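Participant: This structure is in structure tokens; I'll ask about it shortly.
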Amino acid sequence: MALRLCALSVDLDEIGHYHAIHGMAPPAGDRAPIYDVAVPRLSRLAGALDLPLTFFAVGADLARARSAAALRDAVGEGHAVGNHTQSHRYDLTRLGRDFIGREIDEGAASIERACGVRPKGFRAPGYTITDEVFALLRERGVAYDSSVFPCPAYKAAKDLAISVYSLLGKPSRSVIDTPAVLLAPTRPYRVGARFYRRGDGLLELPIQVTRRFRLPFIGTSLVMAGPDRARMLTAGVVGEPLVNLELHGIDLLDEHDDGLGALRDRQRDVRIGVARKEETFGAVVETLRREGYAFVTLDEAAEAHA
């Protein structure tokens with residue numbers, strides 16, 4: 001049997017970013033439930049499941065000492081860390097070469113200051129990436145990107161939500177991506193002159209979709225599916241050389257225990273209890289492990305596909 005790898009990565013978007021997506025006012029106070037609650041919870045779950053994680057951190061969040069300490073502790077436990085830009089601007093690709101370059105550089109520097117590790121990989125906010133971003137990443141010697149999400153169902157839902165919020169006068173901070181992303185390969189590849197074509201450029205590790213229908217195989221879709229249907233979705237990725245399963249920190253939070261009631265009508269997954277979410281992810285990991293998958297960090301997956 002060919003080598004089968006699975007990498008679980010977690011985007012550490014703080015709760016304020018979800019308010020921005022849904023056109024809501026920023027949350028009050030200095031709460032940081034992603035770092036204070038979700039990161040330790042994810043680390044405990046990873047320990048119980050005997051697998052490493054790759055945390056994609058937003059540099060600006062690490063100015064808060066407690067958040068920096070949580071990430072540093074996770075790295076000390078053997079988890080990897082990637083660059084999710086300095087400020088997580090959803091419109092990053094529209095802000096010009098100099099701004100993009102600073103977001104990449106400052107994000108990496110903030111992460112290195114916080115935990116003593118220079119991130120090897122990059123993930124763009126909202127999965128939105130361009131040829132220009134790839135060129136800047138390559139200039140900086142970044143080892144790999146993991147932003148391309150060639151998923152028709154996700155793109156359609158995202159575009160619809162952005163349009164609806166605009167009509168309601170509550171514009172989302174998220175942006176509509178080029179439909180060309182749907183032409184991209186679903187397996188690891190080196191980008192060409194256009195990021196959605198193969199070439200000899202930077203290594204891309206696409207966000208996972210199923211083989212049939214390219215359904216989203218990410219934390220949100222699995223949480224909403226529940227353990228039994230998540231196993232069925234997992235069957236749709238078995239056989240892929242790399243299963244790149246991307247989660248968000250919010251995937252291990254809920255409205256009752258973690259004070260996310262303001263999001264319950266817009267972010268339906270927060271209505272699901274943490275125990276149920278952990279059961280779902282456990283079912284996915286069990287299914288993949290039974291099918292012969294070895295669990296690695298995204299850094300290790302990139303080395304294997306270099």
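The values are calculated or read from the model by the stated rules, or taken from the named source; none is laboratory data. As the structure is a computational prediction, the values presented were derived from the model and not from experiment. With ideal geometry, Cβ positions are generated from the backbone for all residues, glycine too; neighbour counts draw on all protein chains shown.
Participant: Please give the helices (runs of 4 or more DSSP H) falling wholly within segment 9-110 in which 1 or more residues are β-branched (Val, Ile, Thr), at pLDDT 95 or above and closer than 21 Å to Asp299 by Cβ.
Facilitator: Filter on segment 9-110 gives 39-49, 65-76.
Participant: Inspect all residues belonging to segment 285-293 and state whether any of them is of a type in the set (S, T, N, Q), in a helix (DSSP H, G or I) and touching an Asp or Glu at 6+ places or on another chain (Cβ under 9 Å).
Facilitator: Within segment 285-293 (the criterion being of a type in the set (S, T, N, Q), in a helix (DSSP H, G or I) and touching an Asp or Glu at 6+ places or on another chain (Cβ under 9 Å)), the answer is no, since none of the residues qualifies.
Participant: Looking only at residues in segment 31-44 that are in contact with a strand residue (DSSP E or B) (Cβ under 9 Å, 6 or more places away or on another chain) and among the aliphatic types (A, V, I, L, M), which one is farthest from Ser67 (Cα to Cα)?
Facilitator: My answer is Leu42.
Participant: Determine which member of the set Arg229, Arg212, Arg194 is surrounded by fewer than 19 Cβ atoms within 10 Å (Cβ to Cβ) and closer than 22 Å to His305 by Cα. It would help to see each step written out before you state the result.
Facilitator: Values: Arg229 fails: closer than 22 Å to His305 by Cα; Arg212 fails: closer than 22 Å to His305 by Cα.
Answer to the check: Arg194.
Participant: Is at least one residue of segment 137-153 assigned to a helix (DSSP H, G or I), crowded, with 20+ Cβ neighbours inside 10 Å and modelled with pLDDT of 95 or more?
Facilitator: Checked segment 137-153: at least one residue is assigned to a helix (DSSP H, G or I), crowded, with 20+ Cβ neighbours inside 10 Å and modelled with pLDDT of 95 or more.
Participant: Something else: Which is of a type outside the set (Ser, Thr, Tyr), closer than 11 Å to Ala114 by Cβ and without any contact (Cβ under 8 Å) to a residue 60 or more places away in the chain, of Ala68, Ala46? Talk me through it step by step, then tell me what you get.
Facilitator: Details: Ala46 fails: closer than 11 Å to Ala114 by Cβ.
None of the other options fit; the residue is Ala68.
Participant: Also, quick follow-up: Every residue in segment 205-217 that is in contact with a helix residue (DSSP H, G or I) (Cβ under 8 Å, 6 or more places away or on another chain) and either polar (S, T, N, Q) or at pLDDT 95 or above (or both), please.
Facilitator: Leu205, Ile207, Thr210, Arg214, Leu215, Pro216, Phe217
Participant: Output the residue which, of all residues in segment 197-209 that are of a type in the set (D, E, K, R) and either over 27 Å from Ile250 (Cβ atoms) or over 16 Å from the mean Cα position of the chain (by Cα) (or both), is surrounded by the most Cβ atoms within 10 Å (Cβ to Cβ).
Facilitator: Arg197
Participant: Please give the number of the condition Ala157 fails out of (1) on the phi < 0 side of the Ramachandran plot; (2) small (Gly, Ala, Ser); (3) touching a residue at least 24 places away in the same chain (Cβ under 8 Å); (4) exposed (fewer than 14 other Cβ atoms within 10 Å of the Cβ).
Facilitator: Among (1) on the phi < 0 side of the Ramachandran plot; (2) small (Gly, Ala, Ser); (3) touching a residue at least 24 places away in the same chain (Cβ under 8 Å); (4) exposed (fewer than 14 other Cβ atoms within 10 Å of the Cβ), the lone unmet condition for Ala157 is (3).
Participant: Name, by its number, the condition in (1) at pLDDT below 95; (2) outside any helix (DSSP H, G or I); (3) crowded, with 17+ Cβ neighbours inside 10 Å that does not hold for Lys170.
Facilitator: (3)
Participant: Please work out which one of (1) in contact (Cβ under 8 Å) with a residue 60 or more places away in the chain; (2) of a type in the set (Gly, Ala, Ser); (3) out of contact with any Phe, Trp or Tyr (no Cβ under 7 Å at 6 or more places or on another chain) is the condition Gly273 fails and give its number.
Facilitator: (1)
Matching residues to (1) among the aliphatic types (A, V, I, L, M); (2) without any contact (Cβ under 8 Å) to a residue 60 or more places away in the chain:
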{"residue": "Arg214", "(1), (2)": "no, no"}
{"residue": "Leu222", "(1), (2)": "yes, no"}
{"residue": "Pro227", "(1), (2)": "no, yes"}
{"residue": "Glu246", "(1), (2)": "no, no"}
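Participant: Only one of these is in contact (Cβ under 8 Å) with a residue 60 or more places away in the chain and under 19 Å from the mean Cα position of the chain (by Cα): Val148, Val142. Name it.
Facilitator: Going through Val148, Val142 in turn, just one is in contact (Cβ under 8 Å) with a residue 60 or more places away in the chain and under 19 Å from the mean Cα position of the chain (by Cα): Val142.
Participant: Let me ask something additional. Hey, can you tell me all the residues within segment 57-110 that are more than 25 Å from Val175 (Cα to Cα) and under 16 Å from the mean Cα position of the chain (by Cα)?
Facilitator: Leu71, His79, Ala80, Val81
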